[in-house]
Amino acid sequence: MRNLWQSPAGCFMSMALAVAMVLPLAHGAFAQDQDPSEPVKALQSEEGSFNPGTVERLLSQGDEAVAAGDLEAARKRYDEARGAARALAGFYRDLSGAFRGLDARVPREMDTKGRRSITLQAEADLRLAALHRRLEQPEVAVPLLVEVIKLTTATNPLGIQAYQQLVELGFAETTYEGPG
């Protein structure tokens, strides 16, 4: 029989424990310096690396790289933002499902955060698609634009924008202005 620490779950638990022990030290906050009535919320801080704010920062960094003409750096930042938003949405969805029927507040919160993460992923997809269009790589832009529509629906402003770009690329011919 394998040792628990050699299994993937055990490995994850040991990494989580190590991060939990080091995070307060990484920010220069020692246990005696903290107010015990205020829990440490490392992922909600500006320095947190796994929250919607991080995705927004990555998108902004990508925008700055585009403005500076560094398209490779922009692509990298947009890819990172897209991956982080996708991961967050998945985790929020999983937590929402785990608490369904137990405490309605948790799924409600996770669903709200999940929708925000999906919107951020769609924004990253749109920026990546625009970048690939600029690099004359429409074959890379098309799947990203289709994904935006799948994520947000064809009636959402981001979905409408994505479909319009598909028409501009010649992938679709029928124009769509939105509902009504």
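The values are calculated or read from the model by the stated rules, or taken from the named source; none is laboratory data. Predicted, not measured: the structure shown is a model, and the values here were computed from it. Every residue, glycine among them, receives a Cβ derived from its backbone with ideal geometry; neighbour counts consider all protein chains shown.
Given the residues ASP103, ASP63, which is the only one that is under 16 Å from ALA129 (Cα atoms) and exposed (fewer than 15 other Cβ atoms within 10 Å of the Cβ)? Spell out the reasoning first.
Working: ASP103 fails: under 16 Å from ALA129 (Cα atoms).
The match here is ASP63.
Counting only residues that are within 21 Å of THR119 (Cα to Cα) and among the charged types (D, E, K, R), which one in the range 134-180 is surrounded by the fewest Cβ atoms within 10 Å (Cβ to Cβ)? Explain how you work it out, then say what you get.
Quick first cut of the range 134-180, residues within 21 Å of THR119 (Cα to Cα) only: 140-166, 176-179.
Right, trim to among the charged types (D, E, K, R) and you get 147, 150, 177.
Details: GLU147: 19, LYS150: 13, GLU177: 8.
Among residues in the range 134-180 that are within 21 Å of THR119 (Cα to Cα) and among the charged types (D, E, K, R), the one surrounded by the fewest Cβ atoms within 10 Å (Cβ to Cβ) is GLU177.
Take LEU135 and tell me if it is assigned by TED's automatic domain parsing to the domain that holds ALA65, more than 22 Å from the chain's Cα centre (by Cα) and in contact (Cβ under 8 Å) with a residue 60 or more places away in the chain. Walk me through how you get there before you give the answer.
Working: assigned by TED's automatic domain parsing to the domain that holds ALA65: yes; more than 22 Å from the chain's Cα centre (by Cα): yes; in contact (Cβ under 8 Å) with a residue 60 or more places away in the chain: yes.
Yes: the conditions hold for LEU135.
In the range 73-180, which helices (runs of 4 or more DSSP H) lie fully inside it and hold 2 or more residues that are within 19 Å of SER60 (Cα to Cα) and among the acidic types (Asp, Glu)? Break it down into steps so the answer makes sense when it comes.
Details: elements: 105-134, 138-152, 157-169.
Ranges flagged: 105-134.
(1) in the same structural domain as ALA129 (by TED's automatic domain parsing); (2) at pLDDT below 95; (3) exposed (fewer than 10 other Cβ atoms within 10 Å of the Cβ): which one isn't true of ARG2, the others all being true?
Answer for ARG2: the failing condition is (1).
Among GLU147, GLU123, which is under 19 Å from the mean Cα position of the chain (by Cα) and within 20 Å of PHE50 (Cβ to Cβ)?
Values: GLU147 fails: within 20 Å of PHE50 (Cβ to Cβ).
Testing whether each residue is under 19 Å from the mean Cα position of the chain (by Cα) and within 20 Å of PHE50 (Cβ to Cβ) leaves just GLU123.
Of everything in the range 55-110, what is within 16 Å of LEU126 (Cβ to Cβ) and hydroxyl-bearing (Ser, Thr, Tyr)? Give them in sequence order.
SER60, TYR78
Could you say which residue among LYS41, LYS76 is modelled with pLDDT of 50 or more and within 16 Å of the chain's Cα centre (by Cα)?
LYS76
Which residue is farthest from GLU136 (Cα to Cα), if the candidates are limited to the range 156-173 and must be among the aliphatic types (A, V, I, L, M) and in contact with a helix residue (DSSP H, G or I) (Cβ under 6 Å, 6 or more places away or on another chain)?
That would be LEU158.
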